[in-house]
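So the structure is just underneath, and the comments pick up after that.
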Amino acid sequence: MIQTIAQMDAEARARLADRTPVVKLTLAHAAAFSLLVYKTGGDPATWLVGDFALVARTPASGAGYDALAALHGPTRTLVIANRGVEGFSNIVDLEAAYSMHQGSGRGGPMESALDFLAAARAAAGNINEILCVGHSMGGGLAEAQVALARPWLAAAGAGFDGPIWGAGFGSAAFGDAIVALASARRMPVEPDIKLEMSHHVRSEDLIWRNFGAEKMLGTRYDCADVWRWQFNPSTGRAPPYWRLGCDQLENHMMALYSAWFDRGPADYILKRTAGYELRASMRPSGRRFMAIPAADR
């Protein structure tokens with residue numbers, strides 16, 4: 001089945017709108033939040049539906065951190081959805097993300113994310129669980145929240161003894177900054193961070209390839225890559241041909257993570273004219289074609 005980005009957005013909204021009884025929120029809910037937190041330019045009520053209620057939003061200060069907090073009524077789960085970089089033209093976000101990747105956790109978005117978590121926890125009242133999610137820079141900030149939540153909440157007078165877990169998609173990695181901030185505040189890093197924080201990434205994701213692996217504290221799960229047909233012009237020694245290749249920016253798109261975060265490297269996602277199609281249990285052929293195969297157009 002071919003899916004468009006608009007259909008992926010609608011599918012994510014439907015996941016949150018579903019009122020089927022659940023005992024615990026899932027990674028599918030986490031992926032939906034990570035996608036839809038980008039849709040908060042207007043009123044969050046336009047997509048924050050079903051059994052979720054808005055608890056808090058960050059002000060539009062342009063200070064490099066943007067998020068919202070929502071409460072899932074039936075499970076009493078507080079969800080912190082961290083927004084990532086809002087496009088590569090947003091210099092404030094890019095500078096903040098690069099600083100954290102280089103190991104600077106003092107001030108800036110990381111402390112803002114932890115302060116927002118504490119404020120949201122206090123505003124939510126009685127809760128059973130905390131879930132921190134995000135895409136790109138937001139995934140790295142979700143990891144910081146999970147890693148330092150307990151001592152940070154205790155210091156803010158909003159202590160919490162229940163489960164705290166998180167999920168990042170196409171995550172940037174800020175492990176050095178998290179450790180530096182923990183040291184500066186004399187706080188312990190969550191000892192079970194590899195159990196409590198999962199990162200869902202693609203090998204050809206621009207952010208993962210350049211700002212990922214070595215600084216990630218949680219556990220990595222590899223997702224299916226996105227491929228498209230690319231034209232290779234003649235070099236004078238051979239005629240032009242087409243071949244399948246990966247676009248690193250396309251592999252970073254949160255909508256594609258939301259739709260297929262649970263598909264591993266044995267699968268792949270093909271970009272077609274009408275949208276994106278999952279090719280389950282297949283890998284692209286290494287063959288070159290003079291023209292794109294009709295089944296792929």
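Observations, loosely collected:
- Kyte-Doolittle at least -0.5, axis length at least 20 Å by Cα - qualifying DSSP helices, the chain: 108-124, 137-155
- Phi-based couplings in Hz for region 265-280 (Karplus 6.51, -1.76, 1.60; Gly and Pro marked x): x, 6, 9, 8, 10, 9, 7, 10, 4, 8, x, 10, 10, 6, 10, 6
- DSSP-loop trypsin sites (Lys or Arg not before Pro) across region 139-221, with at most 16 other Cβ within 10 angstrom: Arg186
- Residues whose placed amide H lies under 5 Å from that of Glu129, excluding near-sequence neighbours: Leu78
- From its DSSP helices (H runs of at least four residues, each -39,500 (n - 2.57)), the chain gives a residue-normalised ellipticity at 222 nm of -10000 deg cm²/dmol.
- Of all DSSP beta bridges in the chain, antiparallel share, percent nearest 5: 50 percent
- Sulfur and carbon atoms: percent of accessible area, the chain [1.4 Å]: 54 percent
- Under 26 Å of direct C-alpha separation, and excluding same-chain neighbours fewer than eight residues apart, Lys271 reaches these lysines: Lys39.
- Ordered from highest to lowest accessible area with the whole protein assembly present and a 1.4 Å probe, Asp161, Asp247, Asp115 read as Asp161, Asp115, Asp247.
- With the alpha-carbon atoms of region 231-297 aligned to their principal axes, the span from lowest to highest coordinate is 42, 23, 22 Å, starting with the largest.
- With viscosity 1.306 mPa s and temperature 10 °C, the Kirkwood radius over alpha carbon pairs of region 114-223 converts through Stokes-Einstein to a diffusion coefficient of 114 µm²/s.
- Computed 3J(HN,Hα) for region 251-259, one whole-Hz value per residue from the Karplus formula 6.51 cos²θ - 1.76 cosθ + 1.60 where θ = phi - 60°, is 5, 9, 5, 5, 4, 6, 5, 4, 6, glycine and proline marked x.
- Formal net charge of residues neighbouring Glu11 (Cβ-Cβ distance under 14 Å; K, R +1; D, E -1): 0
- Rounded to the nearest 20 debye, the dipole size of region 202-291 about its Cα centre is 400 debye, using +1 on the Cβ of Lys and Arg and -1 on the Cβ of Asp and Glu.
- For the chain, the calculated P(r) over all alpha carbon pairs, in 10 Å bins from 0 to the bin holding the longest distance, is 6, 28, 33, 20, 8, 3, 1, 0 percent.
- Candidates Gly162, Gly134, Gly50, ranked by Gaussian network fluctuation over the chain, Cα under 10 Å, top entry: Gly162
- Alpha-carbon gyration tensor eigenvalues x 5, square-rooted, for region 177-253, Å: 41, 13, 7
The values are calculated or read from the model by the stated rules, or taken from the named source; none is laboratory data. Quick caveat, the model's predicted, so the values are computed rather than measured. Here the Cβ is made from the backbone with ideal geometry for all residues, glycine too, and neighbour counts use every protein chain on show. Surface accessibility is based on the protein's heavy atoms, side chains included, excluding ligands, DNA and RNA. Shrake-Rupley method; radii C 1.70, N 1.55, O 1.52, S 1.80 Å.
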